[in-house]
Amino acid sequence: MKITILFATETGNAETLADDLHDELAGDHEVRTASLADFGKAASGADLSLLVISTYGDGELPGMAKNFFAALEAGDVTVRGERYAVFGLGDRNYGATFGQASRLAEENLAKQGALIVAERDVHDASGPEFMDDQAKRWCAGVLQKLVS
Ligand SMILES: Cc1cc2nc3c(=O)[nH]c(=O)nc-3n(C[C@H](O)[C@H](O)[C@H](O)COP(=O)(O)O)c2cc1C
């Protein structure tokens, strides 16, 4: 399967995670990983796109994601009919805005016609689970949905 992994980060966690997922998937799939800031280059044709995105400020998208979502809204980039799944990074200490950027990202993708193929998951930086373990489990679940 052709898989594109897109990341949006402020301090690097989402990029590290995207690289780890890339390594995990590369044995069995044709994988490309790109910053959401380079979405022009990333624009898909993939069978599946995985978006790994953290939340910043007061529930906001990372800065590098803002142009992508503005372009999406303006119709300058299209995701119509493309299969997406979203993994968020956040911290439950932020309360109501926990993982909010991933929720907003998913909503916007769906609104513009992307097919959300699996349930979003969010890692909690203040929780006990390693980001990698949770994301790899999520990723395996996403792929499972596509084959079943
Ligand atoms: C200034 C700041 C604001 C944050 N705001 C939120 C927030 O509103 N909601 C949330 O779930 N996490 C929030 N976080 C936590 C980050 O999303 C979390 O640490 C994540 O792992 C960072 O990933 P990144 O390095 O890819 O940007 C915030 C972190 C910082 C430093």
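Both the radius of gyration and Dmax for the chain are 14.0, 40 Å, in that order, over alpha-carbon atoms.
When Rg is the radius of gyration of the Cα atoms in region 6-54 and Rh is its Kirkwood radius, what does Rg/Rh come to? Can you show the working numbers first?
Values: Rg = 10.4 Å, Rh = 11.0 Å.
Looking at region 6-54, the ratio lands at 0.95.
Please identify which residues in region 3-25 have an amide N closer than 16 Å to a label point set 7 Å out from the Cα of V147, following the Cα→Cβ vector. Correct set: 3, 24-25. Rounded to the nearest 20, the Cβ-based charge dipole of the chain about its Cα centre (Lys and Arg +1, Asp and Glu -1) stands at 500 debye.
Applying both filters, DSSP loop and at most 11 other Cβ atoms within 10 Å, to the trypsin sites (Lys or Arg not before Pro) of region 67-148 gives R80. Comparing D38, D133, D47 in a Gaussian network model of the chain where C-alpha atoms under 10 Å apart are linked, the largest mean-square fluctuation is found at D133.
Region 84-135: D in µm²/s via Stokes-Einstein (Kirkwood Rh, Cα pairs, 4 °C, 1.567 mPa s)?
Details: Rh = 11.5 Å.
Reported coefficient: 112 µm²/s.
Past 24 Å, Cα to Cα: identify those pairs from K111/K145; K66/K145; K66/K136, in the order given. Display every interim value, and only then the final one.
Numbers: K111/K145 21 Å; K66/K145 29 Å; K66/K136 26 Å.
Beyond 24 Å between Cα atoms: K66/K145; K66/K136.
Placing pseudo-labels 7 Å out from each Cα toward the beta carbon at T97 and D19 gives an inter-label distance of 2.8 nm.
Every number here is computed from the coordinates shown, using simple stated rules; none is lab data. Values in this document were obtained by computation on a predicted structure and should not be read as measured data. All Cβ positions, glycine included, derive from the backbone under ideal geometry; neighbour counts span all protein chains shown.
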